[in-house]
1. Tell me which helices (runs of 4 or more DSSP H) are completely within region 145-232 and hold 2 or more residues being within 18 Å of W62 (Cα to Cα), or say none if there are none.
2. Just the residues that are part of a helix (DSSP H, G or I) and closer than 19 Å to I77 by Cβ, please, taken from region 124-144.
3. Is region 26-34 home to any residue that is at pLDDT 85 or above and outside any helix (DSSP H, G or I)?
4. With respect to the numbered conditions (1) in a helix (DSSP H, G or I); (2) under 24 Å from N257 (Cα atoms); (3) of a type in the set (V, I, T), which one is the sole condition not fulfilled by V59?
5. Can you work out which of the residues in region 88-132 that are of a type in the set (V, I, T) and farther than 15 Å from I149 by Cα is surrounded by the most Cβ atoms within 10 Å (Cβ to Cβ)?
6. Please name all residue pairs, on different chains or six or more residues apart, with Cβ atoms under 7 Å, provided the first residue is in region 220-232 and is more than 16 Å from I11 (Cα to Cα) and the second residue is at pLDDT 85 or above.
7. Quick check on my filter: what residues within region 1-25 are within 15 Å of the chain's Cα centre (by Cα), of a type outside the set (A, V, I, L, M) and assigned to a loop (DSSP other than H, G, I, E, B)?
Amino acid sequence: MTTFQAVILGIIEGLTEFLPISSTGHMIIGTAVLGIEPTEFVKMFTVNIQFGAILSVVVLYWKRFFQSMDFYYKLIIAFIPAAVFGVLLDKYIDQLLGSVEAVALALLLGGIILLFIDKIFSTNEKEPEKEMRYITAFKIGMFQVISMIPGVSRSGATIIGGLTQKLNRKQAAEFSFFLAVPTMAAATCFKLLKNYTLIDSSNIKLLVIGNIVAFIVAMIAIKAFIGILNKYGFRWFGIYRIIIGAVIIILLALKINLAVL
């Protein structure tokens, strides 16, 4: 992996981490288009630079992270399902991290679901904001487990999880942002400890560059996403996912190498 490729992947991560279009899926597609071999370091890199993106949440919402211990308890409860299943399914998740086919299918199916989300949960926007309960946090955490399949989208799964619990779009999106912090921090540490032997001076440079770029881009993307979500809902994200997923499936069916695009 070159420095240029690390910057491009950092931009992709920052743009997609908090949008319901799957950052992991886009990273896998990005590595394929850039012609990067999915080595163990590359897989670790795609997970690690998510840490840079989630730091943007801490900076943008820093006051919320100091509001009460109750806030942290709810995040921990919501994080538990992903922590448990993440360890149990790590080997299988790793196998899917190199599968463009799995990503394309998940993007397509997820896009179809997003087309109907606004209509299904339209009444949520008419009700006052609800107090987040512990059981609500846990149920949203269960939705996060689904996003371990590359292409599903962690933010998309958790936001929909919040909507099923009668939260409005803004509330659900912000809790999804907050939940990303312990989830991605744990995933990053787990991958680093598991693959520490892969890190040398040149790889550290790539990781630092990727994280910095992802942090800066994510700062911009979060603000934009909230505005788009409040104004237009999920429909356009669904259309985008369907187009990308369908195009990738067609290219794979025609046996066209993504790296030549």
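1. 169-194, 201-232
2. Y134, I135, T136, A137, F138, K139, I140, G141, M142, F143, Q144
3. So far as region 26-34 goes, yes, one or more of its residues are at pLDDT 85 or above and outside any helix (DSSP H, G or I).
4. All conditions are met except number (2).
5. Among those that are of a type in the set (V, I, T) and farther than 15 Å from I149 by Cα, it is I117.
6. Short answer, once both residue conditions are applied: I226/K170; I226/A173; L229/R169; L229/A173; N230/R169; N230/K170.
7. E17, F18, P20, S22
A quick yes/no check of all residues on (1) surrounded by 19 or more Cβ atoms within 10 Å (Cβ to Cβ); (2) more than 16 Å from I49 (Cα to Cα); (3) out of contact with any Phe, Trp or Tyr (no Cβ under 9 Å at 6 or more places or on another chain):
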site: S147; (1), (2), (3): yes, yes, yes
site: G156; (1), (2), (3): yes, yes, no
site: K166; (1), (2), (3): no, yes, no
site: A173; (1), (2), (3): yes, yes, no
site: V181; (1), (2), (3): no, no, no
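The values are calculated or read from the model by the stated rules, or taken from the named source; none is laboratory data. All values reported here derive from a predicted model rather than from experimental measurement. In this analysis, Cβ positions are derived from the backbone assuming ideal geometry, glycine residues included, and neighbour counts consider all displayed protein chains.
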